[in-house]
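Right, one structure below, let's go through it.
The values are calculated or read from the model by the stated rules, or taken from the named source; none is laboratory data. Note that the structure is predicted; figures quoted are calculated from it, not measured. Cβ atoms come from the backbone with ideal geometry, glycine included; neighbour counts cover every protein chain shown. Surface areas here come from the heavy atoms of the whole protein model, side chains and all, with no ligands, DNA or RNA. Shrake-Rupley method; radii C 1.70, N 1.55, O 1.52, S 1.80 Å.
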Amino acid sequence: MYEITRKSFLSTSVVVLAGCCSRAVETVIEPATGSVELGYLARLYSMQISRIAERKIRLQNQYNTLDVEERGRRVWINGIMVWLNFSTEGSGEKCKISAADFNKNIDPILRSAGYLKREMPRIIVLDPGHGGKDPGTRGPSKLQEKTVVLDIAKRTQKLLESRGFTVYLTRTGDTYPELSERTAFAARVKADLFVSIHVNAAGASVSGIETFVTTVEGARNTSGEETDKEAYLNNRFDASNSLLGYLLQNNLIKAAERSDRGLKRARYSVIRNAPCPAALVECGFLSNPSEEELLNSAAYRHKLAVGIGNAVLGYSTLVKKAK
Ligand SMILES: [Zn+2]
């Protein structure tokens, strides 16, 4: 059953970003120049700068907070963890963020208006991972990833259709489309946004939600893999990917109330070959008995669907604002 009323969808508020900086983006730094210093960012965003921990600097104004890890690969934008493509260098006001992370990661999230295409996203492709011969991961009580993610995708579809989006699933039953067929399908239906839905596996005590977007050219994946650093089709959407990924991670964490493992970077083929802004969400760990129990509950899967739906709604709200 997927009876979802309009009311239930609206009961969780959509998390978007404050429109503090709707002016045109005046600062695009060519990668050749390397990096930007936090002191410069503080002036650009009219933010106060302060040290909040031994290796953490906070930039803050009335709308947004940006916490930066010195000599590390993480920032927190309004409390949500975002992994950088490259490590920061130096400390304090002189701490440097790479130009690639400024232009394709942080600035598109904080000042989305300058980066978004003006056309409203209308066609959404949801990709329930695995299926058919490929069950994906399996929990200690034998709950299968392919079943969980198909249900989340169908619920998200209902929610988004009720808000006027056209939504396609790459599979609607227990079948296995090849990964290349999934991205080809998105191209065929002229998808505006693509979201691949998965659940995770690791040790029994690992928990939480993470979202992946395609790693930028020349950078290592968040996992640290050194190889395969070239650009892929989806890299033309680096800035929009970051915004979509951030909104997914933020709205999923708020809707499901699970721990935040961050917006990460990887070159999974189903996102790196996607013909539009794309992200892959890992909605929790089936290998963790308590998260398996949650994922086995329709009410919890509905929360996850609300999180994904709200992210898409938030993205289109920001496009509307950017017009
Ligand atoms: Zn999976």
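A few remarks follow.
- The residues of the range 31-110 expose, per residue, 44 Å² of accessible area to a 1.4 Å probe.
- Taking every full run of DSSP H in the chain, the ones that stretch at least 20 Å from end to end by Cα along their long axis and average -0.5 or higher on the Kyte-Doolittle scale are 145-161, 238-256, 298-322.
- Förster radius 56 Å - calculated FRET efficiency between residue 117 and residue 54, Cβ distance, rounded to 0.05: 0.85
- Extension gain for the segment residue 229 to residue 91, taken as residue separation times 0.36 nm less the Cα-Cα distance, is 46.9 nm to one decimal.
- Tail fraction, Cα-Cα pairs, the range 31-110, threshold 22 Å, whole percent: 9
- 27 Å Cα-Cα threshold exceeded, pairs from 96/229; 146/254; 142/190; 56/264; 104/154; 229/254: 142/190; 104/154; 229/254
- Segments 202-210, 118-126 sorted - mean Cβ within 10 Å per residue, highest first: 118-126, 202-210
- Of the accessible area of the chain, computed with a 1.4 Å probe over protein heavy atoms only, carbon and sulfur atoms account for 49 percent.
- The range 188-240: trypsin sites (Lys or Arg not before Pro) falling in loop per DSSP and having at most 16 other Cβ within 10 Å: 190, 229
- For the range 37-42, Karplus couplings with θ = phi - 60° (6.51, -1.76, 1.60), whole Hz, Gly/Pro x: 8, 4, x, 5, 4, 4
- Placing a label point 7 Å from the Cα of residue 141 along the Cα-to-Cβ direction, the residues of the range 265-296 whose backbone N falls under 11 Å of that point are 289-296.
- Kirkwood radius and radius of gyration were both taken over the C-alpha atoms of the chain, and their ratio Rg/Rh is 0.96.
- Taking the helices alone, the chain has a mean residue ellipticity at 222 nm of -9000 deg cm²/dmol, built from -39,500 (n - 2.57) per DSSP H run of at least 4 residues and averaged over all its residues.
- Distant-in-sequence amide H partners of residue 35 (H built 1.01 Å from N, under 5 Å): 99
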